[in-house]
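Rule-based calculations on the coordinates, nothing more; no lab input. Bear in mind the structure is a predicted one, so any value in this text is a computation, not a measurement. In this analysis, Cβ positions are derived from the backbone assuming ideal geometry, glycine residues included, and neighbour counts consider all displayed protein chains.
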Number of protein chains: 2
Amino acid sequence: MEDMSHKSARLDLDELESVFAAMELTNPESAKGRLLTMAAHLFKVRGFDRTTVRDLASAVGIQSGSIFHHFKNKDEILEAVMRDAIVYNTRLMIEGVKASTTLKEQLLGLIRCELESINGVTGEAMNVLVFEWRNLPEEKQRGILELRQYYEDLWLSALESAVEQGMVQGDPFVIRRLLAGSLSWSSTWYRIDGSLSLEHLAEQALLLILH
Amino acid sequence: MEDMSHKSARLDLDELESVFAAMELTNPESAKGRLLTMAAHLFKVRGFDRTTVRDLASAVGIQSGSIFHHFKNKDEILEAVMRDAIVYNTRLMIEGVKASTTLKEQLLGLIRCELESINGVTGEAMNVLVFEWRNLPEEKQRGILELRQYYEDLWLSALESAVEQGMVQGDPFVIRRLLAGSLSWSSTWYRIDGSLSLEHLAEQALLLILH
DNA sequence: TTACAAACCAAGCGCTTGCTTGGTAGGATC
DNA sequence: GATCCTACCAAGCAAGCGCTTGGTTTGTAA
């Protein structure tokens, strides 16, 4: 049995770094990297279930059976996409928080980071993380949730400070959920090359929580 | 060719009423109604693709082939769930708007209505509408979008008034999208029988847009 | 040159899927 | 009491699915 005296099995920065080192999503040099990028793309536009291993294989120019040289099964591809998406963006968030001096700046930084993660280069993978969650087997969900915790803790501690200082009204947990919905949902309507800049959108989103 | 001089083919209240009369989702008397309720349930918890017609059939106690006496194919079940969910909740919204006197009250009413639609009795069907959208064939998406327009127009006109009066800051369209994300997403974390009442959540959500 | 592993191919197996078919039970209508 | 219609069953087909298998190519390093 595991020690359950802690609320959750937190992972520290070192662990995060080691997982980061194994990330392949953004590496177009390796076959596995290309497979993951294309998987993120197809999983986003068609959904996980409607994407067959034959679709994925022919999209990267190999035979369907060859996929299973790189991944044990289809679920593991989904897991890898999600894991890499989280790890990559958690690193960006940590850097963003470090770089900001005021609390307001920090909140805006977090919002901008999250908007970029879901509408920028890793957008397809993050979309898969958000909208294909149910397709991940439960045991693998737990592992991904653990990775996500680091990320969510950054948000909660920032919001707690903001509430203490009277910048934000309400329960930090509820506010985080409401805001998370707004930001995740942006991928369904926001176009990064449209007339609304991501910076303006981030400021509008910051207005939601500030009082 | 249709007349395309109008931005969208708006449907009026009479049409809405006639579609409403054919709604079966909430009718446990008819076999079709029970089928739709169970479909909404299964589509929500497993997703459309992972719900087989055999699952659905055995859940209502008939043979899998018998489903196709009521629906031409599986897609039409999804469409019917979505259509009934929209029509039912649009009616509630119209009544809510009529009943409110002040603008603030109207906004709170719209928020409460949307929260109830997605977390209350029609919650499973509304969840299917929001999260299984991609699984609906494109031609059917257009029909459902048309139904949704009435509903979205209610929101936009209320927000436009609010911006004019200085109650709300920003572009009504963007604000509506951000808020729609918050409210839709609530189904993933909010429990209607938990410690946070739906009324309190609605007030917290209203705080997001008010300034 | 040989040795070896990683990357991939060609073929197809076993299973599940949406859906079809031909038929039956039971109630309403004339 | 014959006719008809709605709601269903029992059986199964064709297609598509994830994944396996045994073998071949390709790159690397001794």
Apply the Karplus curve 6.51 cos²θ - 1.76 cosθ + 1.60, θ = phi - 60°, to the phi angles in region A:73-87 and return the couplings in whole Hz, x for Gly and Pro. 7, 5, 4, 5, 5, 4, 4, 5, 4, 5, 4, 4, 4, 5, 4
So, relative contact order of region B:13-209 in percent, Cα under 8 Å, 6 or more apart, is 22 percent
How big is the dipole moment of chain B about its Cα centre under a simple scheme where the beta carbon of each Lys and Arg is +1, that of each Asp and Glu is -1, and everything else is neutral? Debye, nearest 20, please. 700 debye
Just how large is the dipole of region B:109-164 about the Cα centre, in debye to the nearest 20, putting +1 at every Lys and Arg Cβ and -1 at every Asp and Glu Cβ? 160 debye
Kirkwood calc, region A:27-114, C-alpha pairs only, radius in angstrom 14.7 Å
Return the whole-Å distance between the Cα centroid of region A:129-148 and the Cα centroid of region A:36-66. 19 Å
Given label points at 7 Å from Cα along Cα→Cβ, what nm distances, shortest first, separate A:SER30 from the same residue in every other copy? 5.6
Label point 7 Å beyond Cα along the C-beta direction, distances from A:ARG91 to other copies (nm, shortest first): 5.5
Describe numerically, in nm with one decimal, the distance between label points set 7 Å from Cα along Cα→Cβ at B:GLU203 and at B:ALA59. 3.7 nm
Between copies, how close do the A:LEU196 label points come, placed 7 Å along Cα→Cβ, listed in nm from shortest? 2.3
Give me the dipole magnitude in Debye, nearest 20, for the protein assembly as shown about the Cα centre, with unit charges on the beta carbon: positive for Lys and Arg, negative for Asp and Glu. 800 debye
What translational D, rounded to a whole number of µm²/s, comes out for region B:13-209 from Stokes-Einstein when the hydrodynamic radius is the Kirkwood one over Cα pairs, at 25 °C and 0.890 mPa s? 138 µm²/s
Tell me, what are the semi-axes, in whole angstrom and largest first, of the equivalent ellipsoid of the protein assembly as shown as set by the roots of 5 times the Cα gyration tensor eigenvalues? 34, 31, 21
Report the calculated FRET efficiency for B:HIS69 and B:ASP49 (r = Cβ-Cβ distance, R0 = 22 Å), to the nearest 0.05. 0.45
Restricted to pairs 8 or more residues apart or on different chains, the lysines in chain B with C-alpha atoms under 22 Å apart form a number of pairs equal to 10
